[in-house]
1. Test A:Asp406 against the stated conditions and say whether it is closer than 21 Å to A:Gly293 by Cβ and touching a helix residue (DSSP H, G or I) at 6+ places or on another chain (Cβ under 7 Å).
2. Taking the stated definitions as given, is A:Leu236 farther than 26 Å from A:Arg162 by Cα and either modelled with pLDDT of 85 or more or part of a loop (DSSP other than H, G, I, E, B) (or both)?
3. Quick one: is A:Ser365 part of a helix (DSSP H, G or I), modelled with pLDDT of 85 or more, within 27 Å of A:Asp406 (Cα to Cα) and not charged (D, E, K, R)?
4. Applying the selection to the stretch B:82-99, what residues are over 15 Å from B:Leu68 (Cα atoms) and at pLDDT below 70?
5. Please tell me if A:Leu220 is at pLDDT below 90, crowded, with 19+ Cβ neighbours inside 10 Å and out of contact with any Gly (no Cβ under 6 Å at 6 or more places or on another chain).
6. If I filter the stretch A:49-66 down to residues being crowded, with 19+ Cβ neighbours inside 10 Å and not in a loop (DSSP other than H, G, I, E, B), which single residue comes out as farthest from the other protein chains (Cβ to nearest Cβ)?
7. Which condition does A:Val335 not pass, out of (1) without any contact (Cβ under 8 Å) to a residue 60 or more places away in the chain; (2) of a type in the set (A, V, I, L, M); (3) part of a strand (DSSP E or B), if it passes all the others?
8. Does B:Ser175 fit the bill of being more than 9 Å from chain A (Cβ to nearest Cβ), touching a Pro at 6+ places or on another chain (Cβ under 8 Å) and not acidic (Asp, Glu)?
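The values are calculated or read from the model by the stated rules, or taken from the named source; none is laboratory data. All of these numbers come straight from a predicted model, not from anything done at the bench. Cβ coordinates were reconstructed from backbone atoms using ideal geometry, including for glycine residues, and neighbour counts include every protein chain displayed.
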Amino acid sequence: MSHCPSCGRYVGPYEACPHCGASIGDRLPIRTAKAAAILLAALGLAALWFVAVRSPIPTVQAGQVGATMNFAYVRIEGQVVRGPFYYPDSGYLSFTLADDTGEVRVAAYRTTAEALRAEGRVPAFGDHVSVAGTLRVQGESTSLTINVPEHVETFRPEAEPRALGSLTPDDYLRRVRVRGQVWSVRQPSAGLTLITLRDTSGAAEIAVPRSLELLTGELLPLEPGQSVEVVGTVDLYRDTPQIVPASVMDVVLLPEEVPVAEPVQVGMLTDADVGRMVEISGTVTWAGPFSAGFKFGLDDGSGEVTVLLWQDTYEGLSDPAALAAGAQVRVTGEVSIYRGKIEVVPSRAMDVEVLTPGSGGTTESTAPEVPLSALTPDRIGETVAVRGTVVDTASFSGGFKFTLDDGAGQVVLLLWLATYDDLADPAGLNLSAQVRATGRLEAYEGTLQVVPASGADVEVLAPGRAQAPLRGTGSLAADDAGTRVAVEGAITRVEPFSGGRRVWIDDGTGEVLVLLWDNVHQRVPGRDQMVPGAWVQVIGIVEEYRGTLEVVPVLPQDVEVR
Amino acid sequence: MSTADFITGLLFAVGGALIASALSLVPALHIYNIAGFLILGTAALGPFLPPEHLAMLFLGMVTSYSILNTIPSIFLSVPDDSTVFVVLPGQKYLMQRRGYEAAVLTGVGGLGGVAALALLTPIAPRLFPALRAILQRHIHWLLWTVIAYMLLSEWPKGTDRQPPGWRRWWDGWKSLTAGLVTFFLSGLLGFVLMYRSILPPASAYQNLLPAFVGLFAVPWVLQNLLARVELPEQHVARSIDITPWLVLRGTVAGALGGLFAAFFPVVTGGIGGFIAGHATAQRDDRLFIVSQGVSKVVYYVGGFLLFFVPGLHLTRGGMAWMVSTLWRPHTPHDYYLAVAAVVATGALSFFLLLRLTRLAIRLVARVHYRRISLATLVLLLLIVAAVPTAGEWIGGGTPASALRAGLDGLLICGVATGIGLIPVLWGSRRMNCMGVLLLPIGLNMIGAGATVAGWLGLIP
């Protein structure tokens, strides 16, 4: 061979090529090597494929997964304990699967997630799932990526019918069917809707995550009072059972109403009923506001109980005035206890049904008029009628106080804002007015006070008016603190603050601050005209706050806008 | 991070570099295999090192390996997927008695790569998260563009000696056809391994090891055995034939390719270097060798460094994937320590390269090339069998199942070898073997992977 078979150059008698170093003799034909390579590649690949397709996908337990299993294609079986979570923008879907040994987060991306969604293969919370995919081990976190939608197999157990009150933390991950009345619907966050359902046994929340709506459709709009049936799996929120449906279609409206409470007699209520929802009917024996709402007594013949309406519930009543002594009422509410006394607390206005309206102010005809000197602490709780002259006024955030004097004694007439707003002649109720009022005798920090239930229980026999010497706005000094004065002038500026309005007025002698607390400001006649340039006259107490003198009117009528 | 922690981290990195320097001389022994055995040891025995120290050890190992693996690539012609391009010009230098110079040129490139990574440090925490945010939604089509460029940029290589007609056409197109067949067959192999691997799950972290050894290392060794090349005596030069301008050009081109490969999923250093080489129109062998030295350092080390970049923590490359199973960096200090470790171990590795290249020259002068190739082949097959066997054994398998796992590894390696021999024998690009990753992952990215796997009967 005169030429090198490797580089083709002339080699003469050499046994090795002097140019490239290749051996000249004893060589394997390239053609043979080529055939061997093709055979090895083709037959080997076929053999590998043959073995691979006959090998089952290995099943591993979550707790077995370790660092060396990174990228393994395996099957994991377990129950969905979190999720599914779905993010349409990124096309990311995930849920957490748990078996007896641990947890694995399962994820699908874009096309796979979309295929799972389109084929309805996305597992729901509580479903038993067998899923194959690629393991990713990253530190303490283990995840499994689904590559093939068909490798997700879901088994959803039959739901067992349950009463809402029977659900306990032991029911975690149990699939249940419940029926109840929608008590409330709220969204504590943008990604979650919580529906409180009630039946006669108790209440439970239905949790509808936003992801569930994105995966299965919009939740039907629900209103309190509607009756529904829900099938879902019990989850826990801080050890409190919640039901998570697998689909929004598992929340179905019922044609019939599911009762939320059983009728009971008031006299049968005991401490053991606390927390229980009851329905009671009877006659209103007394009624009146308190600082955070409205209370009334309900007597059904077997006993009397206090019914407490929080302010928002009370404000939701269609005709609050009808809720007066003598009214026939049916109430559904939760039994609670306050200072040793049982109360029934409706949480929705719709749970207070006035069957027959009360006459309002009926206590006037029945309550005895007593001299003020006869009011003693042992009469607290009685409904009394009092008469006297207003000798002092005071204001607080929840209402106004008027000190009545009949010559022999004094008592505070307390009007909650709702009652004050109900007065027939609020303008006349001021210093020196003659007043007759009927209300429950109560005590607050050792002071007796009469609290009328409504404005109708307060009668202004002779109107009064606050009076004080007119002072120049620039004439007030620190020595005037605590005195009642009248000032007038043009408004120079108005500033709101958290508790009301600050108004500066000036009569040409200098500026002074008039402080209007919200309860006063909201009731000032013509308050919308209190703008810079308007002329106002104010009667109020001079106070000093952080070195600044301010005139603080006590009643809305003490501010006159011209 | 205290000074003591910083110094401890550096010491572990230097330790890793020294370990890797010794192992880098062993032909075909990839540093990922060694790291894999350490991970396996952790799984079997529990953590023998705090994970943050193990990460620094791995960082030192990968830095040193990325510079020193030049030695077996040039003197023993045993490249991995990112050094395939170094072999051909390296062989040319070797046959011209300039193997030492080729190794030093690659080492200079490696230093350039380390410098590029260090220079990127101030901007990396802002640059790479922004880049990822921009590219994240475009990865799939970019990857297919890379594949298309890789396949379409190969031109017919006929001798023009065949008579006109089919024979002349085939003479020109046979290498192209072989390249396409290689890409297609390695892609099929990738599908089988990704969807229905016959290896046990406990060795899945090295699932592609038998395939990579078969596709890249074994064909070279077989070629060495068959070719019976006699190496000429090597000359240890006291200077290298390169100018600072060429080093700068090579560094820029290599850094571009390496960064592309490091940042982009699936793309390896070889592909990155290839694209950067074309982009910067390299025609000079010296420039090419330097740029490949830069590219593989930036690919291996830069890919791992992305894992440390604050606000990014991107998992790229085998080392990052292995470390991420045990630990994740949390503070910017981890990143700055990592960069410091790379700079220190990079410089150390360059000096080790000079010494170890002389050692390799003495070795190939005394031990016959064929014997080394034979020993390399045995070592490769042992690694291929040992990794799945050990994985299955540690994962609780029986001796029989462990043995079967080893045989399965050899089967995969054998099939891959058959595919890897096709470009060797038909003279097409070996890079087409990267179809093992590119085809299945590219199809997965466009959502067609499962469909194709279904056609192949891989989905039960």
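1. Values: closer than 21 Å to A:Gly293 by Cβ: no; touching a helix residue (DSSP H, G or I) at 6+ places or on another chain (Cβ under 7 Å): yes.
Against the criterion (closer than 21 Å to A:Gly293 by Cβ and touching a helix residue (DSSP H, G or I) at 6+ places or on another chain (Cβ under 7 Å)), A:Asp406 does not qualify.
2. So A:Leu236 fails the test.
3. Details: part of a helix (DSSP H, G or I): yes; modelled with pLDDT of 85 or more: no; within 27 Å of A:Asp406 (Cα to Cα): yes; not charged (D, E, K, R): yes.
Judged against the criteria, A:Ser365 is not a match.
4. Restricting attention to the stretch B:82-99, the residues satisfying the condition of being over 15 Å from B:Leu68 (Cα atoms) are B:85, B:88-89, B:91-98.
Listed by number, the residues that qualify are B:Phe85, B:Leu88.
5. On the way: at pLDDT below 90: yes; crowded, with 19+ Cβ neighbours inside 10 Å: no; out of contact with any Gly (no Cβ under 6 Å at 6 or more places or on another chain): yes.
When the stated conditions are applied, A:Leu220 does not pass them.
6. A:Ala62
7. Condition not satisfied by A:Val335: (1).
8. Working: more than 9 Å from chain A (Cβ to nearest Cβ): yes; touching a Pro at 6+ places or on another chain (Cβ under 8 Å): yes; not acidic (Asp, Glu): yes.
Yes; evaluated as a whole, the condition is true for this residue.
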